[in-house]
Each structure stands twice: as C-alpha cells, then as structure tokens.
1. Regarding residue 128, is this residue within 14 Å of the ligand (Cβ to nearest atom) and part of a strand (DSSP E or B)?
2. Sort through 55, 107, 66 and tell me the only one that's assigned by TED's automatic domain parsing to the domain that holds residue 196, surrounded by 15 or more Cβ atoms within 10 Å (Cβ to Cβ), touching a residue at least 40 places away in the same chain (Cβ under 8 Å) and within 14 Å of the ligand (Cβ to nearest atom).
3. Check residue 83 against each of (1) away from the ligand (no atom under 16 Å from the Cβ); (2) within 20 Å of the chain's Cα centre (by Cα); (3) at pLDDT below 95 and name the one condition it does not meet.
4. Of all residues in segment 207-237, which are within 16 Å of the ligand (Cβ to nearest atom) and in a helix (DSSP H, G or I)?
5. Given the conditions (1) in contact (Cβ under 8 Å) with a residue 40 or more places away in the chain; (2) within 16 Å of the ligand (Cβ to nearest atom); (3) in a helix (DSSP H, G or I), and given that residue 20 satisfies all but one, which numbered condition is not satisfied?
6. Return yes or no: is residue 374 over 30 Å from residue 291 (Cα atoms) and surrounded by 21 or more Cβ atoms within 10 Å (Cβ to Cβ)?
7. Out of 348, 374, report the one residue that is in contact (Cβ under 8 Å) with a residue 24 or more places away in the chain and either part of a helix (DSSP H, G or I) or away from the ligand (no atom under 16 Å from the Cβ) (or both).
8. Residue 202 is checked against (1) touching a strand residue (DSSP E or B) at 6+ places or on another chain (Cβ under 9 Å); (2) assigned to a loop (DSSP other than H, G, I, E, B) and fails just one. What number does that condition carry?
Ligand SMILES: Cc1ncc(COP(=O)(O)O)c(C=O)c1O
C-alpha cells in the first residue's frame, strides 16, 4: 500500500481500542461496565464552559500564534509559580493540543536515530510508540511491585548511557498511581546528572489527582541543575475534566520550547483558540471543582482497592494518585473456563469482556504482564457492579 516504514513502527493505542470496543458493545445494547477510560467521568466545570462560549461570542475564532496565546502562557507561568514554586516566563512555555501532543513534539525535537529514551514500565502506552515514531529507541526498565512500581536509582544507573537523551518520569503514574517522594526524585536526579546529554521529561498530568494528603513534588524542584535539564509536560485534560478540549502545555529550556513552537508552526498550527480561552479560565478560576472531583475519586479508590484485595487470587497496591487500580492477577495465569484459556493479561481482558461484560486494559499493554488496569473514573454504582462481575468471572476460572 506504500505506507512509510515509520508508520509501520507503531501500533494503535490499546487503551483507546478497549474503550471503543466497549462503546461498540454498548451501542448494540449490551450492558458493559467499562473500566477502560482514561478520563474523568465528570463534566467540565461551568465557568470553564462559559469562558469558551464567551470566546465564541467575542469572535475569538481565528488563528492564534502557533505556540499559543500569551494570556494562557502567562496563566501557565502563574500556575507553576503558585503550585510548584518554579519560575518560568513565556519563552519557557508552549501550548499544545493535549499532553500527548506535548510529548510527541518533544520526542520529535530531541531524538535522532539511535538516541535512547528510558521509559520505566509499567508506562503510559503512548511513550514507546512516540519515541519510535521519532526514530529513537525506547529503553524500557521494568519496575517491581515490591518497590511500589517505582524506578530505583540503581535501575536507572544501569539503563543510562551516553546514548540516553530522555528519561521519562511520570508521577503520579498511569497505570499504577505510583507517586514519587522528593527524596526518591532527588536520588534519581543525582544519577541523571552524571550524564550530560540526558534530559528528563516529567509528565505531571496527574499532579492534582492525589490522595491521602500526598504532597506532589516535581523532579524540577530537586535543585538548580536538574531544573535546567527537566522539561515538564502537563495539561488541563485530567485536572479539569477537559479531555476533549485538547489543551496541554510544556515548560522548560527556552531553546527546546522554541524548537517545539517551530514544529507546531509547520504541523498543527495553534491549539484551538476557544479551548485556549477555556484553559485560561481553568487555571485562573476557582479550584473548588477540582477538590470535589478528587474527593469523589478518593472514595472510589478506597472502595475499589479494598474490594479487589478481598478477591481470591487478586492483590492490588494502593495508588497515591491518578484514577487507576493496577491489580496483580498472576494467580489466574494458566487457568481456564469453557474455551477460554488464560495465558496473558490480554486473554483475561478478552474473557472478562465476553463472559461478564467488563472492559479492563491488560497490564501487558503498559509493559507489565500479570496485571490489569482498571480506571475508577466512573460512577460508584458502575464500580460496584463491575467489581462484582469481575469476581464472578474470576471465580469461574479453574486449573
Ligand atoms: C500519563 C499521561 N500523560 C499524558 C496523557 C495525555 O493527556 P491529553 O493528551 O489528553 O492531554 C495521558 C492521557 O491518558 C496520560 O495518562
């Protein structure tokens, strides 16, 4: 068909594939409980919607600068100063079409063929593919449940080399909810600083969705040297229930930001003008709706984790952030029911979808076999129903 070699390097996003299969089943009238979605089930807060409506009424519907409007860049700088004690000016910020686009652009401007990007697993599904698309080599470092799915300085030291261009840190993490402490980040920073070519991409999109009073720290807070080497990607998608608006942002070294801005000027042009105005309202407006969402997530998390841990053969660490549970289902490997034989997380996810109509994403998709990812960004009623069904489905699996 004449497609490029480049596009042949990547595969479709497995998380989007699970949610679209679940949606298709629902359209057919099947009562599917979906734990697949990576987005808050809440509506975008009213004051944010009104800012967008106002933007339309005011005719703010034309091209903006490709790197985003100054007003939003300033709101982003205020956010970093207020929440993180980090000082950026507008030359250090670019607005993109979502956090995914922000990472994509960084991979494009930082990686040459042969350059390596260290990606701790379990990882957000899109990192390796975006690295591959840019011609780089993903170096996946598998973390252990025993270490809370966090990268240790020893593991990082072993993976780093002169070829390392990027180290990805995603805290709190999708899919495990693991969130690093300042001490842990300092230890990682000390290792990275031994390698002058290595940059950190710190994906902080779940910064605000944290539990049990966890205090978020960015690796950029761990000293002046690592601050200079860190590029933060972030956005409004998860914090403000704005996944469809497609606004993300990147903050870091001015030369890198300039390169990303140039790339956008020759690819997407500006993120949607109206959505940029909405993002200004999100960042500068009342933060109460975020607190309300986080409270609801915490209640669902508590229920989900204790229910999972009460299931035969299932164990699940308590996530400190994001809205995912990552239960260990290794005990079901090798078991079966009727024609189903479970040899991987993919098999288990397919079995649960067909047999008890529950959509979950296999851990394998995140680079970790023997686990499932369940998003608890859905109503408590759905969570209860879905977990009952999972228990029923697992109960049928025998040696
Ligand atoms: C870890 C992580 N980073 C970035 C993103 C991208 O978010 P968006 O492109 O919707 O802003 C996601 C979305 O699922 C994510 O889980």
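1. no
2. 107
3. (3) is the only condition that residue 83 fails.
4. 219
5. For residue 20, the failing item is (1).
6. no
7. None of the others qualify; the one that does is 348.
8. With respect to (1) touching a strand residue (DSSP E or B) at 6+ places or on another chain (Cβ under 9 Å); (2) assigned to a loop (DSSP other than H, G, I, E, B), residue 202 is out only on (2).
The values are calculated or read from the model by the stated rules, or taken from the named source; none is laboratory data. Since this is a predicted model, take the numbers as computed values, not measurements. Virtual Cβ from ideal backbone geometry, glycine too; neighbours counted across all protein chains shown.
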